[in-house]
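Q: Below are the structure tokens for one structure; questions will follow.
The values are calculated or read from the model by the stated rules, or taken from the named source; none is laboratory data. Since this is a predicted model, take the numbers as computed values, not measurements. When we count neighbours, we look across all protein chains shown, and the Cβ atoms used for this are built from the backbone with ideal geometry, even at glycine.
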Amino acid sequence: MCKNSVSTQMCKGVAMNQERFNWALQELTGRQRQVLDAFLGGQSDRAIAQSLKIVDNTVKQHIKAICKKFKLQDETNKYASKRSDLKDLFRRYKPELVRVVTVVEAGEIFATPESKPNTPSQGTRCRRVWGRDRLIKQILDRLTNLQEAPILSLTGGAGYGKTEVASQVAKIARNRNLFADVLWVKARDTDLVDGCITQSERNEVLNWNKFLHEIAHQLDKCPTERVCQRLKEEKRLIVLDNAETSQVEEIVTNLVEMLNPSRVLLTSRMKTNAPFVGLIEIEGLDTASSYNLLQDEAKYKKIPALLEASPAQLDRVHQLSRGAPLALHFIIGRVLDDRALEPVLSALEAASGDVEKFYEFSLQTAWQRISDYSKNVLHYMGNSDAGVTWEELLGAEKIEKLDCQQALRQLRRWYLIEDELDAKGNQRYNLHPWVRRSLQGKLVDKWEQSLQKLAEIAQWKFGIDI
């Protein structure tokens, strides 16, 4: 039986008003009120559990009970989460209890002591992210809007920073408690030829079955049969990085049935045409952001040729690079080695605005100038499925510690490697997918053969070694 007229009206499903809201709030137990205040304050379940000295599942049960008190449970879907509705209710009737969530500057690196360890930090070659604040906010707005498509695809060419943007979205989503959890799956061991997947000799393409098992593993190693339930009981964000090198159509077709209220963010060089997939195209950085990136790195690495560059030269860099962050980083590495900007601008002009052609030219130039130790390290990393540790490099290449340090320093100088943390917080060294594909595609082997022929000609004609 309901206790009074207000509760009777609520039991009959009468729409919420201020009086009914106040009654439901008064009906909460002391513990439920503690959990509610922390939840509305933006704390994660784990943080609430730790502060109240209870287990995570107890927090979940309290929040479910609170939702029930406010008549937010979904009788048609017992797994559906009403957490976002609960926050919306309090924003309307008691907004002072709800922490205002704003998207912070994209370059901020978040510290999250309660974050699950199985979401690694993605590799970065720059100390901050430039010019992506608006894009990141747009992605977060669409992911948290239940009227939008449940799957969002961030598309664009190689080197435009899709993974970097997705990584920032994941960090903000987790740290701002926009999602109960963030799961990250990377597909990266295949290449595309004419828009089709080519199978790596070492690894199979990520298909639905493998993807499902990876998600189950990240969901506390739950059985695959329970993945659907876990994705429906709380709003989770799944990021599938480099989706174009997976069987993405199969994956999204199966996954979409499990999503409400969970959401998916894809990064891909190719567009997915399914009606339940929304699209956002990533573009190059704007002129001001390109300048900021170049100047910041030039100051950090003390590169006079860039610090003293004229506005006209910087405009040419931006136009010819199309604002692609990878191209800008390769430019910095080349200018640092040449100690001059004009040769790099000439190379950009020769590429005629084709940034991937410029990537290839930049990698070839770097390959011709780096040491054999650096080449060996790069080859080893290219043949690895993911980032490698310091110990792995020393052991696999039988390289002395000092030589390995110098090789890594040289590869960083050319912006060919990325530093990242793995799932256990260990330092790893990784490659941009374009660089890995070039190494696996034997592109550098062609240059090595050309260098060998040049050396043979020099020895035969002039009796000199080069």
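Q: Got a number for residues in the stretch 248-268 being part of a strand (DSSP E or B) and of a type in the set (Ser, Thr, Tyr)?
A: Filtering the stretch 248-268 for residues part of a strand (DSSP E or B) gives 263-268.
From what's left, of a type in the set (Ser, Thr, Tyr): 267-268.
Going through the stretch 248-268 one residue at a time, the tally reaches 2.
Q: Another one. Determine, yes or no, whether Arg230 is under 22 Å from Ala173 (Cα atoms), of a type outside the set (A, V, I, L, M) and modelled with pLDDT of 95 or more.
A: no
Q: A further question follows. Just for the stretch 355-371: of the residues that are hydroxyl-bearing (Ser, Thr, Tyr) and over 27 Å from the mean Cα position of the chain (by Cα), which one is farthest from Ala407 (Cα to Cα)?
A: For the stretch 355-371, the residue satisfying everything is Thr365.
Q: Could you list, in sequence order, all residues of the stretch 302-312 that are loosely packed, with under 15 Cβ neighbours inside 10 Å and in a helix (DSSP H, G or I)?
A: Once the filter is applied, which keeps residues that are loosely packed, with under 15 Cβ neighbours inside 10 Å and in a helix (DSSP H, G or I), the stretch 302-312 yields Pro304, Leu307, Pro311, Ala312.
Q: Next up: Do you know which residues across the stretch 37-49 are within 13 Å of Lys94 (Cα to Cα) and free of Cβ contacts under 8 Å to residues at least 60 places away in the same chain?
A: To start, the set of residues in the stretch 37-49 that are within 13 Å of Lys94 (Cα to Cα) comprises 37, 40-41.
Within the stretch 37-49, Leu40, Gly41 qualify.
Q: Can you list the helices (runs of 4 or more DSSP H) found entirely within the stretch 337-393 that contain at least 3 residues being assigned by TED's automatic domain parsing to the domain that holds Asp419 and either small (Gly, Ala, Ser) or within 19 Å of Gln313 (Cβ to Cβ) (or both)? Steps first, please.
A: Values: elements: 342-350, 355-369, 372-382.
Qualifying helices (runs of 4 or more DSSP H): 342-350, 355-369.
Q: Right, next: Can you find even one residue in the stretch 255-271 that is at pLDDT 90 or above, out of contact with any strand residue (DSSP E or B) (no Cβ under 9 Å at 6 or more places or on another chain) and not basic (Lys, Arg)?
A: Taking every residue of the stretch 255-271 in turn, at least one turns out to be at pLDDT 90 or above, out of contact with any strand residue (DSSP E or B) (no Cβ under 9 Å at 6 or more places or on another chain) and not basic (Lys, Arg).
Q: Restricting the search to the stretch 15-67, which residues are assigned to a loop (DSSP other than H, G, I, E, B) and farther than 26 Å from Asn175 by Cβ?
A: Taking the stretch 15-67 and keeping what is assigned to a loop (DSSP other than H, G, I, E, B), we get 15-17, 27-29, 41-44, 53-55.
Within the stretch 15-67, Ala15, Met16, Asn17, Glu27, Leu28, Thr29 qualify.
Q: What do you reckon, is Thr224 surrounded by 21 or more Cβ atoms within 10 Å (Cβ to Cβ) and either over 19 Å from Thr144 (Cβ atoms) or of a type in the set (Val, Ile, Thr) (or both)? Step through it out loud before you land on a result.
A: Values: surrounded by 21 or more Cβ atoms within 10 Å (Cβ to Cβ): no; either over 19 Å from Thr144 (Cβ atoms) or of a type in the set (Val, Ile, Thr) (or both): yes.
So Thr224 does not fit the description; no.
Q: Another question, then. Do the conditions hold for Glu257, that is, is it closer than 26 Å to Gln368 by Cα and loosely packed, with under 14 Cβ neighbours inside 10 Å?
A: In short, no.
Q: Now for a different question. Out of Lys210, Lys299, Lys271, I need the residue that is basic (Lys, Arg), touching a residue at least 24 places away in the same chain (Cβ under 8 Å) and either part of a loop (DSSP other than H, G, I, E, B) or farther than 22 Å from Lys162 by Cα (or both). Which one? Full working, then the answer.
A: On the way: Lys210 fails: touching a residue at least 24 places away in the same chain (Cβ under 8 Å); Lys299 fails: touching a residue at least 24 places away in the same chain (Cβ under 8 Å).
That would be Lys271, the only listed residue that is basic (Lys, Arg), touching a residue at least 24 places away in the same chain (Cβ under 8 Å) and either part of a loop (DSSP other than H, G, I, E, B) or farther than 22 Å from Lys162 by Cα (or both).
Q: State which residue pairs qualify: first residue farther than 19 Å from Asp403 by Cα and modelled with pLDDT under 85 and inside the stretch 373-391, second residue among the acidic types (Asp, Glu) and in a loop (DSSP other than H, G, I, E, B) in any location, beta carbons under 7 Å apart, and separation of 6 or more residues or different chains.
A: The qualifying pairs are Asp385/Asp189; Gly387/Asp422.
Q: Looking at the stretch 380-395, can you tell me whether even one residue there is among the polar types (S, T, N, Q) and in contact with a Leu (Cβ under 9 Å, 6 or more places away or on another chain)? Let's see the steps before the verdict.
A: The initial filter retains those residues of the stretch 380-395 that are among the polar types (S, T, N, Q), namely 383-384, 389.
Now narrow it down to the ones that are in contact with a Leu (Cβ under 9 Å, 6 or more places away or on another chain): 383-384.
Taking every residue of the stretch 380-395 in turn, at least one turns out to be among the polar types (S, T, N, Q) and in contact with a Leu (Cβ under 9 Å, 6 or more places away or on another chain).
Q: A further question on this structure: May I ask you to list the residues in the stretch 15-45 that are surrounded by fewer than 18 Cβ atoms within 10 Å (Cβ to Cβ), under 23 Å from Leu178 (Cα atoms) and modelled with pLDDT under 85?
A: Selection gives Gly41, Gly42.
Q: Checking the structure you have, find out if any residue of the stretch 404-424 is at pLDDT below 70, surrounded by fewer than 18 Cβ atoms within 10 Å (Cβ to Cβ), aliphatic (A, V, I, L, M) and not in a helix (DSSP H, G or I).
A: The answer is yes, given that some residue of the stretch 404-424 is at pLDDT below 70, surrounded by fewer than 18 Cβ atoms within 10 Å (Cβ to Cβ), aliphatic (A, V, I, L, M) and not in a helix (DSSP H, G or I).
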